[in-house]
Amino acid sequence: GEAIFRSLIARHGFERTLAVSSAATGDWHVGERADERTLAALEARGYDGTAHRARQFDPAEFAAVDLVIAFDRGQERILRQWATTDHDRGKVQLLMSFDPESHGPDAALFDSVLAMIERASYSLFRQLEPGIRQGA
């Protein structure tokens, strides 16, 4: 998201007017680069994500920002819990709420995710089955 929004800001000449940064609610990837598959997908669409390094959002940042975008409902919930005022809670918005064509996840998305989980589960079971049969 940060790479895309930075590109939009630069393309429209607002680098001195708008600032954007990316941060997670968890600390488990702090300092790491984006996943290589993410970087490849960004590059294929004309975006540069190579400068990205993971960091954790600090609730003290609410005072300095106008808007905090969450990628999913879990992040949204955590960020609103971290906010200490109604004003700061109001700064937290779900990214997909800005998509005029999005009406939330549709059945096809759930079917797609279910299919991925099924494939992975069957594969995991096939790997465990020989050991289970041997009593391991």
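List the residue pairs whose Cβ atoms are under 7 Å apart, where the first residue sits in segment 95-113 and is within 20 Å of GLN75 (Cα to Cα), the second is at pLDDT 80 or above, and the two are 6 or more positions apart or on different chains.
As it stands, the answer is LEU95/GLY1; LEU95/ILE69; LEU95/ALA70; LEU95/PHE71; SER102/MET96, since those pairs meet every condition given.
Could you grab the pairs with beta carbons closer than 7 Å, sequence gap of 6+ or different chains, first residue in segment 7-24 and free of Cβ contacts under 8 Å to residues at least 24 places away in the same chain, second one open to solvent by 60 Å² or more (accessible area, probe 1.4 Å) and of a type in the set (Lys, Arg)?
Pairs that qualify, where the first residue is free of Cβ contacts under 8 Å to residues at least 24 places away in the same chain and the partner is open to solvent by 60 Å² or more (accessible area, probe 1.4 Å) and of a type in the set (Lys, Arg), are VAL20/ARG6.
If SER7 satisfies all but one of (1) at pLDDT 90 or above; (2) open to solvent by 60 Å² or more (accessible area, probe 1.4 Å); (3) of a type in the set (Gly, Ala, Ser), what's the number of the condition it fails?
Checking SER7 against (1) at pLDDT 90 or above; (2) open to solvent by 60 Å² or more (accessible area, probe 1.4 Å); (3) of a type in the set (Gly, Ala, Ser), the one that fails is (2).
Pick from PHE98, PHE125: which is farther than 23 Å from VAL20 by Cβ and of a type in the set (Phe, Trp, Tyr)?
Unique residue meeting the criteria: PHE125.
Going through segment 14-43 one residue at a time, which ones are hydrophobic (A, V, I, L, M, F, W, C) and open to solvent by less than 90 Å² (accessible area, probe 1.4 Å)?
LEU18, VAL20, ALA23, ALA24, VAL30, ALA34, LEU39, ALA40, ALA41, LEU42
Check segment 115-134 and report whether any residue there is touching a residue at least 24 places away in the same chain (Cβ under 8 Å) and of a type in the set (Val, Ile, Thr).
Scanning segment 115-134, I find no residue that is touching a residue at least 24 places away in the same chain (Cβ under 8 Å) and of a type in the set (Val, Ile, Thr), so the answer is no.
Where in segment 58-136 are there helices (runs of 4 or more DSSP H), lying wholly inside it, with at least 1 residues that are surrounded by 10 or more Cβ atoms within 10 Å (Cβ to Cβ) and of a type in the set (Ser, Thr, Tyr)?
Counting at least 1 such residues, we get 107-133.
The values are calculated or read from the model by the stated rules, or taken from the named source; none is laboratory data. Since we're looking at a predicted model, the values are computed, not measured. Here the Cβ is made from the backbone with ideal geometry for all residues, glycine too, and neighbour counts use every protein chain on show. For the accessible areas, the whole protein counts, side chains as well, though only heavy atoms, and no ligand, DNA or RNA atoms are used. Shrake-Rupley method; radii C 1.70, N 1.55, O 1.52, S 1.80 Å.
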